Amino acid sequence: MLMTVVAIYTLYILISIYTSVMQIGYINIAKRKEAVLLSESKFLIAGNYAVAKEKLSIVSSFVDYLLFIAWIGVGISWLENTIFLEDDAMKNISIVLGFLVIGSVISLPFSYYEKFVLDEEFGFNKSSIGLWIKDTLIAFVMTIIFGSAVIWGIYLIISNFELWWLWSFVFIFSVVILINMLYPAFRATFFDKLTPLKDEDLDHEIKSLMDKTGFVSSGVFVSDASKRDARLNAYFGGFGKAKRVVLFDTLIEKLTTKELLAVLGHELGHFAHGDIYKNIALVGTMLLAMFGIFGNLPESLYLEIGVSQSPYIIMILLLLFMPVLGFIMMPIMGIVSRHNEYEADRMGSELGGPSGSIELANALQKLVQENKSFPLSHPLYIFFHYTHPPVIERLKALGVDIGEIDKSALEGSCQANI
């Protein structure tokens, strides 16, 4: 059984690395051909950025694999034999937190490199090392506090219910919903500073747009995201009356009012079609499958690893394999999500009036330019990783004439210069 488990994880890593290799090879060829949506110089820069990110992803995947082997081989049993506490609940919390903390510490160099080397090189990073350390410490403390509560909850369920996997799913799914509700307030409290939108005309336009779809919000806010990052973004967060519209200050700076309204119209399209609930349902399906699998693992697996069938061991195995099931589910979620994006684009165009399609198309092209997004990708990479349709396909659906796209890069995409 242990060999099967290792084989499944190995296959996951190999497929993940293979898709990255194909993407790198494809972009390395495509970035030297005729530019699409960007000037020649920016097209090349966007391609270099995409390749650099994939190279980092490959290294990260390789480290994840080594870490998995280490945990399965000796790490889990080492944690179990190292942490001794008389109180069983505290022992469970301490062991699982130890697993999480060690993983977080190992990931820190990757986080630092992405922020202060990669993003710095390509002009995205606006954060200081001091702010990054502050953010990291806040995230660490929150992991300890909230992680302890969640671990304790699952421990109680496993210890007291025969169908613990089903009740654990209900508990974790409830936590996921709660996080979605509290995320805007949490982010505003500990990370971004949110201030009410001061542009009264824009505020009025946004609220008129929301009224058309029945979207009830607690307000429109501006995030000072530019102190950390130069990318453009916006999000709707929360449920019920706690919903907020949050605009990054970078988005307001770069888009015209009509373009901004077109982007918000797209997001309102997601609300009108109930996409957030569909996404939560998909996440719930993945969680249910995972708890169902790990609630029925044979005892032989625990014996082969050399550990007891304790609640903390079950939780660690769940955490180890969550990326695998997420990767398996991603193509399904991607197909659904890409369909939803087209529908949201359509509604965003309609809400924008006669020029809605043009304004949304202009906004999408600006997002590509400002976020240095390479507009082309290998089909295999799209299948496994894309939650949004390729921007070129979205523009075509909006009536933009892109012209002929050179597809010859696919012929040599496996020749990656890594």
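The values are calculated or read from the model by the stated rules, or taken from the named source; none is laboratory data. If you're wondering where the values come from, they're calculated on a predicted model, not measured in any experiment. When we count neighbours, we look across all protein chains shown, and the Cβ atoms used for this are built from the backbone with ideal geometry, even at glycine.
At-a-glance table
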{"quantity": "Filtered residues of region 154-187 (kept if within 25 Å of residue 221 (Cα to Cα) and either touching a Phe, Trp or Tyr at 6+ places or on another chain (Cβ under 6 Å) or among the polar types (S, T, N, Q) (or both))", "calculated": "180, 181"}
{"quantity": "Pairs where the first residue, in region 73-87, is surrounded by 10 or more Cβ atoms within 10 Å (Cβ to Cβ) and the second is among the small types (Gly, Ala, Ser) and part of a loop (DSSP other than H, G, I, E, B), C-beta under 6 Å, 6+ apart", "calculated": "77/306"}
{"quantity": "Of all residues making up region 157-170, the number that are in a helix (DSSP H, G or I) and surrounded by fewer than 16 Cβ atoms within 10 Å (Cβ to Cβ)", "calculated": "4"}
{"quantity": "Matching residues, region 1-31, being surrounded by 17 or more Cβ atoms within 10 Å (Cβ to Cβ) and either hydrophobic (A, V, I, L, M, F, W, C) or free of Cβ contacts under 8 Å to residues at least 60 places away in the same chain (or both)", "calculated": "5, 13, 17, 21, 22, 24, 27, 29, 30"}
{"quantity": "Helices (runs of 4 or more DSSP H) within region 40-139 that include 1 or more residues more than 30 Å from residue 22 (Cβ to Cβ) and under 20 Å from the mean Cα position of the chain (by Cα)", "calculated": "88-113"}
{"quantity": "Qualifying positions in region 123-149 - in contact (Cβ under 8 Å) with a residue 12 or more places away in the chain and under 16 Å from residue 227 (Cα atoms)", "calculated": "123, 124, 125, 126, 127, 129, 131, 132, 135, 136"}
{"quantity": "Whichever residue in region 205-230 is in contact (Cβ under 8 Å) with a residue 60 or more places away in the chain and farther than 30 Å from residue 119 by Cα and, among such residues, is surrounded by the fewest Cβ atoms within 10 Å (Cβ to Cβ)", "calculated": "212"}
{"quantity": "Index of the failed condition, residue 350 passing every other in (1) buried (at least 16 other Cβ atoms within 10 Å of the Cβ); (2) closer than 16 Å to residue 267 by Cβ", "calculated": "(1)"}
{"quantity": "Cβ pairs under 6 Å, 6+ apart, first in region 376-399 and polar (S, T, N, Q), second not in a loop (DSSP other than H, G, I, E, B)", "calculated": "387/334; 387/337"}
{"quantity": "Subset of region 188-199 that is buried (at least 16 other Cβ atoms within 10 Å of the Cβ) and farther than 11 Å from residue 249 by Cβ - its residue that is modelled with the highest pLDDT", "calculated": "191"}
{"quantity": "In region 88-120, the residues that are over 29 Å from residue 310 (Cβ atoms) and touching a residue at least 12 places away in the same chain (Cβ under 8 Å)", "calculated": "110, 111, 112, 113, 114, 115, 116, 118, 119"}
{"quantity": "Scan of region 12-39 for residues that are within 24 Å of residue 367 (Cα to Cα), part of a helix (DSSP H, G or I) and more than 20 Å from the chain's Cα centre (by Cα), ordered by number", "calculated": "24, 26, 27, 28, 29, 30"}
{"quantity": "Candidates 93, 58, 145 - the one that is touching a helix residue (DSSP H, G or I) at 6+ places or on another chain (Cβ under 8 Å) and either over 24 Å from residue 377 (Cβ atoms) or of a type in the set (Asp, Glu) (or both)", "calculated": "93"}
{"quantity": "Residue, surrounded by the most Cβ atoms within 10 Å (Cβ to Cβ), within region 32-64, restricted to residues that are more than 16 Å from residue 119 (Cα to Cα) and among the aromatic types (Phe, Trp, Tyr)", "calculated": "43"}
{"quantity": "Selected residue (criterion: farthest from residue 174 (Cα to Cα)) from residues of region 282-323 that are modelled with pLDDT under 85 and β-branched (Val, Ile, Thr)", "calculated": "305"}
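A quick yes/no check of all residues on (1) at negative phi; (2) surrounded by fewer than 19 Cβ atoms within 10 Å (Cβ to Cβ); (3) touching a strand residue (DSSP E or B) at 6+ places or on another chain (Cβ under 9 Å); (4) of a type outside the set (Gly, Ala, Ser):
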| position | (1), (2), (3), (4) |
| --- | --- |
| 265 | yes, no, no, no |
| 283 | yes, yes, no, yes |
| 291 | yes, no, no, yes |
| 300 | yes, yes, no, no |
| 305 | yes, no, no, yes |
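Yes/no matrix, rows are residues, columns are (1) over 30 Å from residue 73 (Cβ atoms); (2) among the polar types (S, T, N, Q); (3) crowded, with 17+ Cβ neighbours inside 10 Å; (4) under 19 Å from the mean Cα position of the chain (by Cα):
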| position | (1), (2), (3), (4) |
| --- | --- |
| 256 | yes, yes, no, no |
| 316 | no, no, yes, no |
| 324 | no, no, yes, yes |
| 343 | yes, no, no, no |
